[in-house]
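Some notes on the structure that comes next.
The values are calculated or read from the model by the stated rules, or taken from the named source; none is laboratory data. Treat the numbers as computed from the prediction; the structure is a model and nothing was measured. Cβ sites come from the backbone with ideal geometry, for glycine too, and all protein chains shown count toward neighbours. Areas reflect the complete protein model, heavy atoms only, side chains present, ligands, DNA and RNA absent. Shrake-Rupley method; radii C 1.70, N 1.55, O 1.52, S 1.80 Å.
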Amino acid sequence: SLEFKADVLVVEDSASSRKMIVKLLTKQNISCEQSEDGSEAVARLKKGERFKLILMDREMPTMGGVEATSIIMQINKDVPIIGLTAHKDDATRADFLNAGAVGMLTKPLKPKDVKGLYKEHLEFDSFMGNFGSLRGRRSSC
């Protein structure tokens, strides 16, 4: 079906980080689903689950965020993925962007980060019905 499972899929292995991100998102009335690592996120998309946005941590066991991003791009290239990292460096950013992510945010996320995500990726024209127009647009985060 073309229904979205939730607004955002939060992919993060640390339970405490996940909890904090979900709390920030739900405060803005953004619905969330959670995955504990990249391979679980990939499996959900392979199953046909759809999300308006994916927040993808970099360092995770089993499958890291960069690898998961590149695989998800092969399954559904229309879903915007934002990389999450504790270390803000150009190499990490480049890795994520090369894998197909539209941007990167540094943890811990702040409320203003979430407001920016909402404006850029979650308010979309229901007539469009997809995020095709967002691909290739790089966010400034």
Report summary line: The residue that is most open to solvent (accessible area, probe 1.4 Å), considering only those in segment 67-77 that are over 12 Å from VAL102 (Cα atoms) and β-branched (Val, Ile, Thr), is ILE75
Requested in this report: Please enumerate the residues belonging to segment 18-43 that are open to solvent by 30 Å² or more (accessible area, probe 1.4 Å) and assigned to a helix (DSSP H, G or I).
Outcome: LYS19, MET20, LYS23, LEU24, THR26, LYS27, SER39, GLU40, ALA43
Requested in this report: Within segment 98-112, count every residue that is open to solvent by less than 50 Å² (accessible area, probe 1.4 Å) and more than 16 Å from ASN76 (Cα to Cα).
Outcome: 6
**Report entry** Search result, residues across segment 44-63 that are closer than 18 Å to LEU97 by Cβ and surrounded by fewer than 19 Cβ atoms within 10 Å (Cβ to Cβ)
**Finding:** GLU59
Query - Top-ranked residue of segment 78-95 - restricted to ones that are outside any loop (DSSP other than H, G, I, E, B) and in contact with a Leu (Cβ under 9 Å, 6 or more places away or on another chain), ranked as surrounded by the most Cβ atoms within 10 Å (Cβ to Cβ) - result: ILE81
Query raised in the report: Can we say SER14 is surrounded by fewer than 17 Cβ atoms within 10 Å (Cβ to Cβ) and modelled with pLDDT of 95 or more?
Result: yes
Query raised in the report: Looking at segment 7-40, which of its residues are under 17 Å from TYR118 (Cβ atoms) and among the charged types (D, E, K, R)?
Result: ASP7, LYS23, LYS27, GLU33
Query - Residues being assigned to a loop (DSSP other than H, G, I, E, B) and of a type in the set (Ser, Thr, Tyr) - total across segment 1-17 - result: 2
